[in-house]
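Single-structure report; data block below.
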Amino acid sequence: MIARNYYRIYKENKFANTRILITSFSILAISQLLFIFSSGTLQATANVIELISYALLLFLAIKIRKDGKKKKQDGDNIRYVGRNSAKRRKN
């Protein structure tokens, strides 16, 4: 599951963007589970929950784009999120 994989990455690096990504994928998974057991009102609730998860993903994309314009491209930013990413950097 995607949320579990990113949770392991978040435990190692503690990035706020990763936490937002985990939250949005978890909310999306909950909405998909609600779609499985859907009836009239439950399907509308699942749609609203799905909309919230996509809104969080949009917020994250805007935040990353805005933060990316502020930073200089001197190689100081971490390009790969994963295990031992700080050790792989040369700076």
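Counting the residues of the stretch 31-44 that are of a type in the set (Ser, Thr, Tyr), in a helix (DSSP H, G or I) and exposed (fewer than 13 other Cβ atoms within 10 Å of the Cβ) gives 1. Residues that are assigned to a helix (DSSP H, G or I) and among the aromatic types (Phe, Trp, Tyr) within the stretch 1-23 comprise 6, 7, 10, listed in sequence order. Can you confirm whether residue 27 is surrounded by 14 or more Cβ atoms within 10 Å (Cβ to Cβ), part of a helix (DSSP H, G or I) and among the β-branched types (Val, Ile, Thr)? So residue 27 fits the description; yes.
Laboratory data are not the source of any read-out in this text; all were calculated from the coordinates shown. It should be emphasised that the depicted structure is a prediction, and the values quoted were computed from it without experimental measurement. As a convention, Cβ positions derive from the backbone with ideal geometry for all residues, glycine included, and neighbour counts pool all protein chains shown.
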